[in-house]
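Single-structure report; data block below.
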Amino acid sequence: MYPGLEGVEVKESEICFIDLENSKIWYRGYDLEELAQYSTYEETVYLLLYGRLPTVGELGEFSKKLAAHRRLPSHVYDLVTNAPKSGEPIDVLRTAVSAMALGEDLSDKSPEAELSRGVKILASMPLAVAVFHRARDGQSAITPEGAESHAEYYLWALRGERPTARETRAMDVMFIIYAEHSMNNSAFTAVTVSSTLADMYAAITAAIASLKGPLHGGANVDAARMLEEINRIGNVEKWVDSQLAAGRRIPGFGHRIYKRGPDPRLRVLKSLAGDLAAERGDYKWLEIAQRLEEYVGSKLSQKGIYPNTDLYAAVIFKYLQLPVDMNLPTFAIARAAGWVAHVVEYRRANRLIRPTERYRGPARLRYVPLSQRETPTASVG
Ligand code: CMC
């Protein structure tokens with residue numbers, strides 16, 4: 001038995017290697033830290049989807065393709081515009097992706113057909129999120145003309161004005177860092193759904209549903225709410241003590257894979273958070289996160305609990321002035337690249353995912369007619 005499937009290898013993959021020994025993450029053999037420094041999200045997506053870095057011409061073509069797909073079918077546009085304002089943006093995004101399938105011919109089940117659906121979905125996710133966000137604020141949608149990247153397009157469509165080059169680059173780095181992370185719960189969900197030969201829309205819809213949970217991507221919203229609740233560096237210890245005393249987990253800490261040392265992505269995230277804090281002359285959120293890291297570390301590092309990406313992502317998104325509940329769809333927009341890559345890779349040698357379980361329930365009970373049953377001592381709920 002493998003509770004939580006810990007340590008179980010479910011497929012061979014050429015997409016992402018988490019090198020625990022050297023504290024490194026490699027996307028298709030390339031060091032993620034180098035990609036975060038020198039690459040762009042578009043180039044990284046190309047690498048993840050097509051298996052190698054593009055040439056100048058290929059990257060230009062791919063960027064054009066993404067730009068051409070940054071639109072929503074009219075029924076999806078209406079759906080996100082009219083979604084209840086109180087709806088969570090991640091739920092609106094999940095519903096939008098599901099609705100994108102309507103009216104499409106989904107009969108071709110080849111990896112190539114799923115890949116081109118994946119590119120369409122990935123390209124249109126920022127607009128779906130931004131249209132909803134602006135509609136709930138009573139603002140009309142913006143479709144930025146002339147945005148030079150996915151990151152710039154997203155921030156511009158959300159805010160209604162062009163972000164600075166520095167903000168765009170920070171979001172681009174976040175997209176690269178969040179783009180892929182091996183066989184995490186949402187990637188596994190996407191692959192599991194796709195293994196039935198369900199289409200890419202179904203797989204990505206399910207992956208977004210998985211990402212939402214607070215043990216997975218939802219932690220980047222909880223971590224941001226934690227920073228806001230704490231609000232002053234002097235409150236950190238009291239806040240952590242009260243959470244632990246109540247038996248609650250600290251968002252942004254702990255990881256299934258990183259139990260013997262911190263997540264390698266933190267090096268990039270901490271440096272980016274530091275740069276943004278310095279540029280803004282506002283160290284508050286960074287300092288709260290650093291104090292959290294020290295204090296939670298002093299209490300929990302003996303259990304193998306270190307900060308995870310969601311703690312510093314929350315700090316970075318604070319400095320980018322993202323509304324807190326946008327942290328999670330922002331993660332989904334980036335991670336779509338990894339989901340698509342895994343689904344396409346698995347589809348090339350598909351086998352239905354169908355695990356088993358160990359039965360531990362009662363055996364050989366005799367059916368008692370309804371009229372003869374006695375009230376059980378404990379109710380079954
Ligand atoms: N705060 C306090 N205690 C914790 C935490 C935490 N954040 N995480 C784990 N623990 C404790 C847990 O209570 C357990 O203690 P004990 O052995 O005394 O019962 C021990 O550590 C092991 O926990 P586990 O649940 O067996 O560990 P896991 O590998 O199944 O869980 C995790 C990993 C991410 C679900 C968990 O660390 C957690 O709930 N973290 C908080 C939520 C979070 O930040 N999630 C984001 C994960 S990384 C990004 C992503 O996936 O998107």
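The values are calculated or read from the model by the stated rules, or taken from the named source; none is laboratory data. Everything quoted here is computed from the prediction, not taken from an experiment. Please note: Cβ atoms are built from the backbone with ideal geometry, for glycine as well, and neighbour counts cover all protein chains shown. Remember, those area values only see protein heavy atoms, side chains included, never the ligands or the DNA or RNA. Shrake-Rupley method; radii C 1.70, N 1.55, O 1.52, S 1.80 Å.
Over the range 11-347, what is the relative contact order in whole percent, taking alpha-carbon pairs under 8 Å and six or more residues apart? Averaging sequence separation for qualifying contacts and normalising by length gives 23 percent for the range 11-347.
The charge dipole of the range 1-153, taken about its Cα centre with unit charges on the Cβ of Lys, Arg, Asp and Glu (plus for the first two, minus for the last two), comes to roughly 660 debye. Of the accessible area of the range 217-264, computed with a 1.4 Å probe over protein heavy atoms only, carbon and sulfur atoms account for 47 percent.
With all protein chains in place and a 1.4 Å probe, the accessible surface of the range 1-64 carries 52 percent carbon and sulfur.
Hand me the trypsin sites (Lys or Arg not before Pro) from the range 274-367 located in a DSSP loop with no more than 11 other Cβ atoms within 10 Å, in residue order please. List each step's numbers first, then the result.
Details: sites: R280, K284, R291, K299, K303, K318, R335, R347, R348, R351, R358, R360, R364, R366; in loops: R348, R351, R358, R360, R364, R366.
Passing sites in the range 274-367 are R348, R351, R358, R360, R364, R366.
Per-residue Karplus couplings for the range 120-135, computed as 6.51 cos²θ - 1.76 cosθ + 1.60 with θ equal to phi - 60°, are listed in order as 4, 4, 4, 5, 8, 4, x, 5, 4, 5, 5, 4, 5, 4, 5, 5 Hz, Gly and Pro entered as x. Can you give the translational diffusion coefficient of the range 11-347 in µm²/s, computed by Stokes-Einstein from the Kirkwood radius over Cα pairs at 37 °C and 0.692 mPa s? It comes out at roughly 162 µm²/s.
Between amide H atoms placed 1.01 Å from N, distances below 5 Å from K24 occur with D19, all of them 5 or more places distant or on a separate chain.
Counting pairs of alpha carbon atoms under 8 Å apart in space and at least six apart in sequence, what relative contact order in percent does the range 91-208 give? Value for the range 91-208: 31 percent. Rounded to the nearest 10 square angstrom, K109 shows an accessible area of 90 square angstrom against a 1.4 Å probe.
Tell me whether the range 124-281 comes out rounded, prolate or oblate; compute the Cα gyration tensor, take square roots of the eigenvalues as a ≥ b ≥ c, and use a/c under 1.5 as the rounded threshold. Intermediate values should be presented prior to the final figure.
Numbers: a/c = 1.67, a/b = 1.12, b/c = 1.48.
Verdict is oblate for the range 124-281.
Placing R0 at 51 angstrom, the Cβ-Cβ distance between R373 and A245 gives a FRET efficiency of 0.70 after rounding to 0.05.
Over the range 11-347, average the accessible area per residue using a 1.4 Å probe and give it in Å², no decimals.
Numbers: 13870 Å² over 337 residues.
Here the residues of the range 11-347 average 41 Å² of exposed surface.
Relative contact order, whole percent, for the range 110-157 stands at 35, derived from Cα pairs under 8 Å and 6 or more residues apart. Computed with a 1.4 Å probe over protein heavy atoms only, the accessible area of Y50 comes to about 80 Å².
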